[in-house]
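The structure appears below as C-alpha cells.
The values are calculated or read from the model by the stated rules, or taken from the named source; none is laboratory data. All values derive from a computational prediction rather than experimental measurement. We place every Cβ from the backbone using ideal geometry, glycine too, and count neighbours over all the protein chains shown.
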Amino acid sequence: MAELFPAIDVRGGRVVRLRQGDYGDETVYGDDPVAVAESFVEQGAVWVHVVDLDAARSGDPVNRPVIAAIATRLAGSARVQTGGGVRSVADARALADAGVARVVMGSAAVSSPDLVGAASEVVSVAVGLDHRSGELAVHGWTEGSGHRLDDVVGWFPTASAFVVTDIARDGMLAGPDVDGLHDLATRTSIPLVASGGVSSLDDIRALAVIPRLHGVITGKAVYEGRFTVAQAVAALEEFS
C-alpha cells in the first residue's frame, strides 16, 4: 500500500506553499511547523515530507533546526523525509543525526549521480526528479538541467525512491500526472513517490493503482481544506 506524505514547506521558519515553485508567489499557512507535523501524525500519517525552501534556493540550511525539532517531536510515531539543499554527504549526515529517516537529493543528484551512492551509506536517499514537461529542473526549480526525466532513472541504483514532481502542477490543484507516472513506473524498479497537483481524494485513488507507487505527497489540498490527512490516509487504505 502506498503511504501518504503530507508536506510541510518551510521558508523563514514558517509553513508556506509556492505556486509552481515561484518564490515570488507564496502563501503562508502557519508559524509553527512542529505543530502542523504533529497534527498530521495525529490523523494517521506515518511519514511527513519536509522541504527547506531556503536551502533549496541558496544552499544555506537555515531551517535545519526546524527540521530537527519536527524529527525529535515525531520520533517513535512517524518518519520524516526531507529535501531542499541536500547537496553533500555532510548534509545527509547532519540530517540523519537530526533524526531524519530519509533525505531527498535533487539538484546535487542530477549533477553528481555518484553522490547518491555515497550518501546512501549514511541514510536512506530518495532522488527528487522535479520536472517541467519532462525536463529536470534544478537549483530550487529556477533552472533547467538539460536532462530528460526518462533518461536519468537508470543513474541511481542505490536510491530508495524517486520523488517525482510535475512543477507545472505543483500548488495548482490541477490534478496529478497519472499517465506520466504510470509510464515512468514501467521504466524503473525503484519505488515512486508522486508529488504535484493532488486536489481531491479521487486524485489519490487514481495514483494508488500505479505499479510500485510508494507514496503520495499532498500539500496545498490539505491546507486549503479540500480533504483532511485522515481522509487521504483512509483513501489509500482502500487499496491495501
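Worth a mention:
- Within the range 76-107, considering residues that are more than 17 Å from residue 66 (Cβ to Cβ) and out of contact with any strand residue (DSSP E or B) (no Cβ under 9 Å at 6 or more places or on another chain), the one surrounded by the fewest Cβ atoms within 10 Å (Cβ to Cβ): 76
- The set of residues in the range 48-67 being surrounded by 19 or more Cβ atoms within 10 Å (Cβ to Cβ) and of a type in the set (A, V, I, L, M) consists of 48, 50, 51, 53, 55, 56, 66, 67.
- Within the range 41-65, being touching a strand residue (DSSP E or B) at 6+ places or on another chain (Cβ under 8 Å), in a helix (DSSP H, G or I) and either of a type in the set (A, V, I, L, M, F, W, C) or touching a residue at least 40 places away in the same chain (Cβ under 8 Å) (or both) holds for 41, 53, 54, 56, 57.
- Scanning the range 96-141 for residues that are hydroxyl-bearing (Ser, Thr, Tyr) and over 18 Å from residue 80 (Cα atoms) returns 107, 111, 112, 133.
- Qualifying residues in the range 14-40 (those that are more than 18 Å from the chain's Cα centre (by Cα) and assigned to a loop (DSSP other than H, G, I, E, B)) - the one surrounded by the most Cβ atoms within 10 Å (Cβ to Cβ): 32
- Restricting 171, 215, 175 to those that are surrounded by 20 or more Cβ atoms within 10 Å (Cβ to Cβ) and closer than 18 Å to residue 19 by Cα reduces the list to 171.
- Contact map, the range 13-29: residues that are closer than 18 Å to residue 199 by Cα and of a type in the set (S, T, N, Q) paired with residues that are at pLDDT below 95 and assigned to a strand (DSSP E or B), Cβ distance under 6 Å, separation 6+ or inter-chain. Pairs shown: 27/17.
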